[in-house]
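Asks: Take a look at this one; I'll ask things after.
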Amino acid sequence: MAINDTKITIPCTETSPDTDLDSDSSMSQRAQWLRAAILGANDGLVSTASLMMGVGAVKSDSKAMLLSGFAGLIAGACSMAIGEFVSVSSQLDAELAQLKRDQRADEEDRAGLPSPIQAAVASALAFATGAMVPLLAAGFIVNYKIRVVAVAVAATMALLFFGCLGAALGRAPVVRAAARVVAGGWAAMGLTFGLMKLFGTAGL
């Protein structure tokens, strides 16, 4: 009786360490971009909502409140874009100089370098996205008191969302992080509203 010594070899695909490192690096970069976008949106939300609350403290006119918020959106988005462009351009210059010193300036190395224009556009869009929340909340409300409350409620809900999302991306405690973001936003809106109310009452 013949004995069959044939062995079945199961092909094994191994992932090279370089592939794992590239994958981890790509995921890390995406997470950093998302966190930066969340921070930009949070900045747009808090600054625009606070500005609208401040104007709303001294003027009951809906047009003045909306115009101030829209002006804040444009100014803030431009400021974020310019600041990010300058910052990333400086980083790009430093990395290019390092590549020249290392004599490694091939296309593959250049492909991984940051883009100042891309960073500027992303920052502006993130800021504008957050700033649109209080503008949309107040845009269709005529009553003064309801309009102020709507801005505060919409900003709070958005802050809670941004706080939870940022905590999830950073693998931080969600409740603590969300509470910190909401508390910071409320402090900014409350302080702006209170000081403007004080100045308006004093006739300054």
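The values are calculated or read from the model by the stated rules, or taken from the named source; none is laboratory data. Just so you know, these numbers come straight off a predicted model, no measurement behind them. Cβ placement follows ideal geometry from the backbone for every residue including glycine, while neighbour counts extend to all protein chains displayed. Protein only, heavy atoms only, side chains kept; ligands, DNA and RNA dropped before computing areas. Shrake-Rupley method; radii C 1.70, N 1.55, O 1.52, S 1.80 Å.
Asks: Here is a list: Leu204, Leu136, Leu92, Leu191. Which entry is modelled with pLDDT of 85 or more, more than 21 Å from the chain's Cα centre (by Cα), open to solvent by 50 Å² or more (accessible area, probe 1.4 Å) and more than 16 Å from Gly40 (Cα to Cα)? Explain how you work it out, then say what you get.
Replies: Working: Leu204 fails: modelled with pLDDT of 85 or more; Leu136 fails: more than 21 Å from the chain's Cα centre (by Cα); Leu92 fails: open to solvent by 50 Å² or more (accessible area, probe 1.4 Å).
Only one candidate passes the filter, namely Leu191.
Asks: Filter the range 117-133 down to the residues that are buried (at least 18 other Cβ atoms within 10 Å of the Cβ) and aliphatic (A, V, I, L, M) and list them by number.
Replies: Answer for the range 117-133, where residues must be buried (at least 18 other Cβ atoms within 10 Å of the Cβ) and aliphatic (A, V, I, L, M): Ala119, Ala120, Ala122, Ala124, Ala126, Ala128, Ala131, Met132, Val133.
Asks: Spot the failing condition for Pro114; the list is (1) open to solvent by 20 Å² or more (accessible area, probe 1.4 Å); (2) over 23 Å from Leu159 (Cβ atoms); (3) in a helix (DSSP H, G or I), and only one is missed.
Replies: Going through (1) open to solvent by 20 Å² or more (accessible area, probe 1.4 Å); (2) over 23 Å from Leu159 (Cβ atoms); (3) in a helix (DSSP H, G or I) one by one, Pro114 breaks only (3).
Asks: While we're here: Considering only the range 139-172, state which residues are of a type in the set (Val, Ile, Thr) and either under 20 Å from the mean Cα position of the chain (by Cα) or part of a helix (DSSP H, G or I) (or both).
Replies: So the first thing to find is which residues in the range 139-172 are of a type in the set (Val, Ile, Thr), and the list is 141-142, 146, 148-149, 151, 153, 156.
The answer is Ile146, Val148, Val149, Val151, Val153, Thr156.
Asks: Could you count how many residues in the range 145-178 are open to solvent by less than 60 Å² (accessible area, probe 1.4 Å) and in contact (Cβ under 8 Å) with a residue 12 or more places away in the chain? Write out each step before concluding.
Replies: Residues of the range 145-178 that are open to solvent by less than 60 Å² (accessible area, probe 1.4 Å), as a first pass: 147-148, 150-152, 154-156, 158-159, 162-164, 166-167, 169-170, 172, 177-178.
Imposing the further condition that a residue be in contact (Cβ under 8 Å) with a residue 12 or more places away in the chain reduces the set to 147-148, 150-152, 154-156, 158-159, 162-164, 166, 169-170, 177-178.
Qualifying residue count, the range 145-178: 18.
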